[in-house]
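Here is the structure we will look at, set down as structure tokens.
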Amino acid sequence: MIHADYAIIGGTGVYDPALLDHPTEEQIETPYGTATCTIGEYKGKRIAFMPRHGKSHHVPPHQVNYKANIQALYQIGVKQIFATAAVGSMRQSLAPGALVIVDQFLDFTKNRPLTFFEDGEPVTHTDMTDPYCGRLRRHLQTTAQRLGIVAAPGGTYVCTEGPRFETPAEIRMFAQLGGDVVGMTSIPETVLAKERGLCYATVAMVTNYCAGMSGSPLTHQEVLDEMAKNVHFIRTLFFEAIAT
Ligand code: HPA
């Protein structure tokens, strides 16, 4: 039987299940489609690694099969999910390279599956007071402190539909509304995990200042380059948080 206790969902720039012992690639069938992940061990803990955009980044953020991914992790027994996210920063104080353990979101997606609770499932309104698992956030924060990794202990993630980047006017609006960082994937992933009762946290990695803040156009390559420079911090943080 395929089983894991923990999952790491790797976002942009995080495609490699490095550090997992005895890795096997698994296809998990769900009512929403097939999800692929690599399952292995780290210090005796069984971990499923799932690259959100596929191993070669071929699935854009608005076409990720979020329902299949979360359902698959739920079916194999995962209880805790650690997600990474590349984000732009709307705050001068959060420079490229900064890590943010986000604690709130603003949902600006437009056209994505919203919920498991439709098509004959019981009508259910899920509490979103603490959308990212508070217990896991605090554990990540204390683990980061112990490792000497600097991570902001909270922040509001604005999720856009993508795949285009934002206009400077949109960024000014999001900042006024209280957003700190912008990305394209936290919704509906966070919501679906909560609906399935899973403890889910996201560590966002700032890869750039948002559109209109840096004086030059934003490129996907810039995002990838910055992620590559710093991804080892998130990897170390996640594996240490799982091991302890
Ligand atoms: N906007 C949206 N998504 C992103 C960004 C951004 O500036 N950087 C990395 N992912």
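None of the figures in this text is laboratory data; all of them are computed from the coordinates on show. Values in this document were obtained by computation on a predicted structure and should not be read as measured data. No Cβ is skipped: glycine too gets one built from the backbone with ideal geometry, and neighbour counts run over all protein chains shown.
Compute the Cα gyration tensor for the stretch 97-244, then decide on rounded, prolate or oblate, letting a ≥ b ≥ c be the square roots of its eigenvalues: rounded whenever a/c is under 1.5, prolate when a/b is larger than b/c in the other cases, and oblate in all that remain. Oblate shape, in that a/c is at least 1.5 and b/c is the bigger or equal ratio. Just to confirm the filter: which GluC sites (Glu not before Pro) across the stretch 1-108 are DSSP coil and have at most 14 other Cβ within 10 angstrom of their Cβ? When the GluC sites (Glu not before Pro) of the stretch 1-108 are filtered for loop state and at most 14 Cβ neighbours within 10 Å, nothing remains. A Förster radius of 22 Å, combined with the Cβ-Cβ distance separating residue 115 from residue 176, puts the computed FRET efficiency at roughly 0.20. Here's the list of lysines a cross-link from residue 67 could span, going by alpha-carbon distance under 21 Å and ignoring same-chain residues fewer than 8 apart: 55, 79, 110, 194.
Could you tell me which of rounded, prolate or oblate describes the stretch 14-107, using a ≥ b ≥ c as the square roots of the eigenvalues of the alpha-carbon gyration tensor, with rounded for a/c under 1.5 and, failing that, prolate when a/b is larger than b/c and oblate otherwise? Write down the numbers at each step before the final one.
On the way: a/c = 1.93, a/b = 1.46, b/c = 1.33.
The shape class here is prolate.
Simple point charges give the picture: +1 on the Cβ of Lys and Arg, -1 on the Cβ of Asp and Glu, and for the stretch 34-83 a dipole about the Cα centre of about 120 debye. Farthest towards the positive end of the charge dipole of the chain, among the residues 220, 237, 158, is the Cα of 237, using unit charges on the Cβ of Lys, Arg, Asp and Glu.
Can you give me the C-alpha center-to-center distance between the stretch 141-216 and the stretch 49-91, rounded to a whole angstrom? Centre-to-centre (Cα) distance: 14 Å. Label positions at residue 58 and residue 24, each projected 7 Å from the Cα along the C-beta direction, are separated by 2.4 nm. When the trypsin sites (Lys or Arg not before Pro) in the stretch 154-244 are filtered for DSSP coil states and for at most 11 other beta-carbon atoms within 10 Å of their beta-carbon, the remaining sites are 164. Which one, 85, 38, 58, projects farthest toward the positive side of the charge dipole computed for the stretch 1-88 from Cβ point charges (K/R +1, D/E -1)? Towards the positive end, the residue furthest out is 85. Taking Cβ separations below 4.7 Å as the criterion for a possible disulfide partner, the isolated cysteines in the chain are 37, 159, 210.
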